[in-house]
Structures are given as C-alpha cells and as structure tokens.
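Taken together, the values in this text are just the output of simple stated rules run on the coordinates, not laboratory data. Since we're looking at a predicted model, the values are computed, not measured. Note: ideal-geometry Cβ built from the backbone for every residue, glycine included; neighbour counts use all protein chains shown.
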Amino acid sequence: MDKLRFKTKVSIWIKLRDESRAQALKEALIPDDVALPQGMSISYANLDRELVIELTSEGDLFELKNTINDILLSLRPALELVNKYFNL
C-alpha cells in the first residue's frame, strides 16, 4: 500500500504559569527530536508564557501522526518535572 504523503503544518500551543516554565519545558522536550523522519522538522518558540511546538512535514501522514503522539506522550512527564523543579 502506498504511503499517504501531504505537506502539513501542525502547531501545538501549551499555556504555562510563566515564561520560565515555558522555556524549561522547551529545553526538556528538545533532546527527543533526534532521528526525525525524512522531510519532517520541529521548531519551538516561547511566546510569553506559552510554548509553541510547530511540526512541518512533507512526508507520510502516519509518520507525522506518530511524531505528534510521541510529543504528547512526552509532555506529561516533562510538565511534572518542570513543575516539581519550580515548586522547590
């Protein structure tokens, strides 16, 4: 079966308590961005107390879905770690 290929851009916006937590969350997530599928890129931006994760893909739609799922699965433990650090 042929792979579904689309040019796609997805943005995930996460609102946090403050800009420092947004920056810490970004730094916690970036190391997971190794070995991305061909044609895919991830960028991060801090806008005040929001972290914006932007995925761009010119490849297989299912690979994009799997990468989004990986990010979402990483968010919970990363958020818990960031919140624990800032509540010390």
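On a 0 to 90 degree scale, rounded to 10, what angle separates helix 61-86 from the longest Cα axis of the chain?
10 degrees
Using a Gaussian network model on the chain with a 10 Å cutoff between Cα atoms, which of Leu29, Leu73, Leu64 fluctuates the most?
Most flexible of the set in this elastic network: Leu73.
When the expected Rg is taken as 2.2 N^0.38 Å, what fraction or multiple of it is the alpha-carbon Rg of the chain?
1.18
Top mean-square fluctuation among Ala78, Ala35, Ala24, Gaussian network model of the chain, C-alpha springs under 10 Å?
Ala35
Quick one: which residues, 5+ away or cross-chain, put their amide H under 5 Å from the amide H of Leu16? H built at 1.01 Å from N.
Glu50, Leu51
Output wanted: per-residue J couplings in Hz (rounded whole) for the stretch 9-19, from phi through Karplus 6.51 cos²θ - 1.76 cosθ + 1.60, θ = phi - 60°, x for Gly and Pro.
Result, rounded to whole Hz: 10, 10, 10, 10, 10, 10, 8, 10, 5, 7, 5.
Filter the chymotrypsin sites (Phe, Trp or Tyr not before Pro) in the stretch 1-72 to those in DSSP coil with at most 14 other Cβ atoms within 10 Å of their Cβ, and list the result.
Passing both the DSSP loop test and the Cβ count: Phe6.
Test of understanding: extend the Cα→C-beta vector of Lys3 to 7 Å, then name every residue of the stretch 31-64 with backbone N under 17 Å from that spot.
Output list for this probe position: 34-42, 56-64.
Report the trypsin sites (Lys or Arg not before Pro) located in the stretch 1-48 that are in a DSSP loop and have at most 15 other Cβ atoms inside 10 Å of their Cβ, or state none.
Those satisfying the criteria are Lys3, Lys7, Arg17.
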